[in-house]
Amino acid sequence: MANFKILLVEDDKLQAKPTKEYLESAGYEIVWVQTGASAIKTAKTGPFDVIVLDLVLPDLGGNEVCRWLKHDKDTQNIPIIILSAKGSAKERVVGLETGADDYLSKPYDPSELKARIYASLRTKVLQDELRKKNRQLEEVLLQMETLAMTDQLTGLFNRRAFLTVFEKEFSRSQRYNRSTSCLLIDIDHFKHINDEHGHNAGDDVLREISQVMTSCLRKADTVARWGGEEFIVLLPETSKKDALLIASRILHSVSIYTFASVPKPVTVSIGLAAIPEPGVDTIDKLIAASDGALYEAKAKGRNRVEIA
């Protein structure tokens with residue numbers, strides 16, 4: 001069990017010195033302190049693998065030191081073995097209740113202390129490995145959750161994730177009678193882009209337009225890929241008038257953008273709808289109103305914003 005670091009807290013030099021030497025001969029690195037205050041301070045500078053803690057110290061009692069260490073997130077996972085000359089059942093119960101992992105009565109056989117340390121280390125190694133695997137599992141689950149919410153091509157929210165956000169915002173808007181606007185955005189003549197320049201170029205256009213749109217929006221806004229070459233934008237706390245300004249900014253920004261894979265300008269058409277609006281009392285109706293306005297923008301020549 002070499003390379004493990006142990007904090008020995010013992011004020012009696014006659015007891016500490018032989019214990020320190022014995023454990024060092026077993027291959028452990030030993031840091032020895034003589035007071036409870038120094039034990040708390042030193043433990044936080046770690047990392048330590050085990051703390052061997054005398055119950056009776058000149059300042060703080062061992063149980064109090066144990067309680068401090070177990071309530072600190074930096075030290076709470078370090079196994080603590082309490083040493084006590086009293087050794088009564090009551091003392092052992094108190095020590096274990098404060099968070100100690102083991103209890104050894106004085107005088108003790110050094111080989112027994114060594115065995116208790118080994119057992120504590122073995123448990124700690126298993127617990128550390130379990131915590132590591134749990135962290136890895138949490139990271140994997142977070143990645144899977146992110147993938148489940150994200151359109152892989154553009155990095156924007158997908159339809160499912162967008163609707164989750166939209167439902168909450170729509171309910172809030174209705175409850176407090178606040179304005180919320182919705183934009184449906186379609187890339188003009190996208191089939192021609194794919195036919196003339198290839199699907200890789202079309203994918204590049206989708207990614208770049210996603211970036212252009214995002215740069216035009218506020219932090220509170222939500223943009224998603226709705227499907228194919230269509231995008232949808234949620235604008236909370238935004239009236240039709242203010243939403244028109246944002247839609248016009250997107251329209252202009254896309255039209256002047258130089259795309260890497262397409263030599264000619266690319267434009268979009270945008271349909272805008274908002275609540276409160278008579279007869280628009282569901283998300284589906286608000287999206288349908290935006291879709292109708294988008295159809296009108298296409299019919300009127302594209303590269304324009306129409307309001308429902």
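Of all alpha-carbon pairs in the chain, indicate the percentage at a distance above 38 angstrom. Numbers along the way, then the final one.
Values: 23067 of 47278 pairs.
Counting pairs separated by more than 38 Å, the tail of P(r) holds 49 percent.
To the nearest Å, what is the center-to-center distance of the range 168-216 and the range 105-161, using C-alpha atoms only?
39
Over the chain, with every protein chain in place, what whole percent of the accessible area is carbon and sulfur at 1.4 Å, could you tell me?
53
Dipole of the chain, Cα-centred, from +1 at each Lys and Arg C-beta and -1 at each Asp and Glu C-beta, to the nearest 20 debye?
I would put it at about 400 debye.
In whole Å and largest first, what semi-axes does the C-alpha gyration tensor of the range 105-257 yield when each eigenvalue is scaled by 5 and square-rooted? Mind dumping the intermediate values first?
Details: eigenvalues 561, 103, 28 Å².
Square roots of five times the eigenvalues give 53, 23, 12 Å.
Near residue 168, which lysines are there with a Cα under 18 Å away, not counting those fewer than 8 places off in the same chain?
Of all the lysines, those that pass the test against residue 168 - Cα under 18 Å, at least 8 places apart if same chain - are 219, 285.
Based on a Kirkwood Rh over C-alpha pairs, give the Stokes-Einstein translational diffusion coefficient of the range 185-238 at 25 °C and viscosity 0.890 mPa s in µm²/s. Kindly include the intermediate steps, with their values, before the conclusion.
On the way: Rh = 12.0 Å.
Answer from the Stokes-Einstein relation: 205 µm²/s.
I'd like to verify something in the chain: which complete DSSP H helices, judged by Cα projection on the helix axis, reach 30 Å or more and average at least 1.6 on the Kyte-Doolittle scale? Can you show the working numbers first?
Values: long enough: 110-149 (58 Å, -0.55).
Helices meeting the criterion: none.
If you take the beta carbon distance between residue 123 and residue 17 as r and set R0 to 35 Å, what does 1/(1 + (r/R0)^6) give as a FRET efficiency, to the nearest 0.05?
On the way: r = 28 Å, r/R0 = 0.80.
The pair residue 123/residue 17 has a calculated efficiency of 0.80.
Translational diffusion coefficient of the range 138-179 at 20 °C, 1.002 mPa s, Stokes-Einstein with Kirkwood Rh over Cα pairs, in µm²/s as a whole number. Let's see the in-between values first.
Values: Rh = 11.7 Å.
This corresponds to a translational diffusion coefficient of 184 µm²/s.
Which order do the peptides 184-192, 277-285 take when ranked by the mean count of other beta-carbon atoms within 10 Å per residue, highest first?
Numbers: 184-192: 18.7, 277-285: 12.2.
Top of the packing list down: 184-192, 277-285.
Just the accessible area per residue of the chain, please: how many Å² with a 1.4 Å probe?
On the way: 16490 Å² over 308 residues.
Result: 54 Å² per residue.
If we count every other residue with Cβ under 12 angstrom of residue 46's Cβ, Lys/Arg +1 and Asp/Glu -1, where does the sum land? Don't skip to the answer; put the middle values down first.
Values: positive: 5, 41, 44; negative: 29, 49, 72, 74.
My count for the surroundings of residue 46 gives -1.
Could the peptides 135-142, 253-260, 113-120 be put in order, highest first, of the mean number of other beta-carbon atoms found within 10 Å of their residues?
Details: 135-142: 10.0, 253-260: 14.4, 113-120: 17.6.
Final packing ranking: 113-120, 253-260, 135-142.
Over every pair of different alpha-carbon atoms in the range 186-308, take the mean of 1/r and invert it; report that Kirkwood radius in Å. Don't skip to the answer; put the middle values down first.
On the way: mean 1/r = 0.0674 Å⁻¹.
For the range 186-308, the Kirkwood estimate is 14.8 Å.
To the nearest 20 debye, what charge dipole does the range 11-67 have about its Cα centre, counting +1 at the Cβ of each Lys and Arg and -1 at the Cβ of each Asp and Glu?
On the way: 6 positive and 9 negative charges, 28 e Å.
For the range 11-67, the charge dipole is close to 140 debye.
Cross-link partners among lysines for residue 132, C-alpha distance below 23 Å, same-chain residues fewer than 8 apart left out?
Within reach: 5, 44, 70, 73, 124.
Might you work out the accessible area of residue 83 for me, using a 1.4 Å probe with all protein chains in place, and round it to the nearest 10 Å²?
0
Using the beta-carbon distance between residue 267 and residue 136 and R0 = 35 Å, what value does 1/(1 + (r/R0)^6) give for FRET efficiency, to the nearest 0.05? Before the final figure, lay out the partial values.
Numbers: r = 46 Å, r/R0 = 1.32.
Rounded to the nearest 0.05, the efficiency is 0.15.
Identify, among 227, 260, 201, the residue whose Cα sits farthest towards the positive end of the charge dipole of the chain, taking +1 on the Cβ of Lys and Arg and -1 on the Cβ of Asp and Glu, with the dipole about the Cα centre.
227
Got a sec? Charge dipole of the range 50-194, +1 on Cβ for Lys and Arg, -1 for Asp and Glu; which of 181, 81, 171 is way out at the positive end?
171
Ranked from the most accessible area to the least, with a 1.4 Å probe and all protein chains present, what is the order of 294, 217? Walk me through the intermediate numbers first.
Numbers: 294 5, 217 30 Å².
Largest accessible area first, the list is 217, 294.
Would you mind working out the magnitude of the charge dipole of the range 184-258 relative to its Cα centre, with +1 at each Lys and Arg C-beta and -1 at each Asp and Glu C-beta, to the nearest 20 Debye?
Details: 8 positive and 12 negative charges, 88 e Å.
Taking the Cα centre of the range 184-258 as origin, the dipole is about 420 debye.
Tell me the relative contact order for the chain as a rounded percent, counting alpha carbon contacts under 8 Å between residues six or more apart. Before the final figure, lay out each step's value.
Details: 498 pairs, mean separation 38.4, N = 308.
Relative contact order of the chain: 12 percent.
Computed over the Cα atoms of the range 134-222, what is the ratio Rg over Rh, Rh following Kirkwood? Display every interim value, and only then the final one.
Values: Rg = 16.8 Å, Rh = 15.7 Å.
Rg divided by Rh gives 1.07.
Can you tell me the order of 124-132, 208-216, 10-18 when each peptide is scored by its average per-residue count of other Cβ atoms within 10 angstrom, highest first? If you can, show how the numbers build up before the last one.
Working: 124-132: 11.7, 208-216: 17.8, 10-18: 14.3.
In descending order of packing, they fall as 208-216, 10-18, 124-132.
The values are calculated or read from the model by the stated rules, or taken from the named source; none is laboratory data. Just so it is clear, the model here is predicted, and its values are computed rather than measured. Here the Cβ is made from the backbone with ideal geometry for all residues, glycine too, and neighbour counts use every protein chain on show. The accessibility values were calculated without ligands, DNA or RNA, using every heavy atom of the protein model including side chains. Shrake-Rupley method; radii C 1.70, N 1.55, O 1.52, S 1.80 Å.
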